[in-house]
Amino acid sequence: DGQRRRHRGKPAPVLGPLLRAAFEAQSEASSLGAFANAWFDETHRRIREEILDPESVVVVGDEDAMWGRRGRIGYLQISGMGGDVLGDGLSPDARLGAVQEVMDRALTDLADTDALLLDVALNQGGSDAVGLAIAGHFANAPSPGLTKRAHGADTVEPQVVRVLPTAGVRYLKPVTLLTTDVTLSAAETFTIQMRALPTVTHVGEATRGALSDVLVKSLPNGWSLQLSNEVYRDRDGTLWESRGVSPDTSIAVFTTGDLDGYPRALEGLLTWLSRTRGGG
């Protein structure tokens, strides 16, 4: 009847717990989105005030990035591969300059830590170039992060995307990368790039499985069909589209259906890292 509709398959497991929590709380929030925003705000408050050393926490933009420490262990959360602070609305060169400025500041603050927990558990993507630029802050040498080519273009050499060490501040100590089924798109290509680095261990839950850029087609009846038409493979040739990038070590975050699983996972990981990596 002329109304715009959108359908997306494979709902992320965080949506079910949010719906149940909203119903059980009989929230006065006007929508699930408002309830979700309230949950994000409260969860970030818990991270800042209860999980990290509060005096160490720095937040930039609308929580585009947040970092701090717990004892000798650093924590860096990247909420999206874009955002106002990370370069939305800027030219490509200016965007990458903004990314380097934020990363230089964060990694300077965390330079004396023994290890880093890098959190992209709630990162729903943005720009592949932003993710690649961030990965360069953890690289000691050029590394073939992934390849990509259009579906069906089997006779065409794939584009090789390499992680190159940044000219800015780098962090070359052990890094633990946390992902969930909410980790999406450019955050997934970032995950593949980070997994190619020798200092990185990937933990958490498999990512969303929606890596490809989108090919948009208009249908005769006025519908719009969006296709994931690109084939991304990691350096070992593995295709992760539709199934998500599997971690080296699985840790339940949202799959238990419990929204408190996320802060609990952070608490547990930071405690484990303090015990195993915090030798200072």
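The values are calculated or read from the model by the stated rules, or taken from the named source; none is laboratory data. Remember, predicted model here, so these are calculated numbers, not experimental data. Virtual Cβ from ideal backbone geometry, glycine too; neighbours counted across all protein chains shown. We work out accessible area using only protein heavy atoms, side chains counted, and drop any ligands, DNA or RNA first. Shrake-Rupley method; radii C 1.70, N 1.55, O 1.52, S 1.80 Å.
Values computed for the structure shown
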| item | result |
| --- | --- |
| Positive-end extreme of charge dipole, the range 67-207 - chosen from 169, 115, 96 (charges on Cβ) | 115 |
| Those chymotrypsin sites (Phe, Trp or Tyr not before Pro) in the range 191-280 that DSSP places in a loop and that have at most 10 other beta carbons within 10 Å | 223 |
| Cleavage-rule hits, trypsin sites (Lys or Arg not before Pro), the range 224-280, DSSP coil, Cβ neighbours within 10 Å at most 15 | 243 |
| Debye, to nearest 20: dipole size of the range 145-280, +1 on Lys, Arg Cβ, -1 on Asp, Glu Cβ | 440 debye |
| Net dipole in debye of the chain [+1 Lys, Arg Cβ; -1 Asp, Glu Cβ; about Cα centre; nearest 20] | 680 debye |
| Within the chain, percent of DSSP bridges classed antiparallel, to nearest 5 | 60 percent |
| Carbon + sulfur, % of accessible area of the chain - ligands and nucleic acids excluded, 1.4 Å | 50 percent |
| Amide hydrogen neighbours beyond the local backbone of residue 146, cut-off 5 Å, H modeled | 161 |
| Accessible solvent surface per residue of the chain, calculated while the other protein chains remain in place, 1.4 angstrom probe, Å² | 51 Å² |
| Computed magnitude of the charge dipole of the range 69-204 (debye, nearest 20; Cβ of K, R +1, Cβ of D, E -1) | 360 debye |
| Residues of the range 196-220 with amide N under 17 Å of the 7 Å Cα→Cβ point at residue 5 | 219-220 |
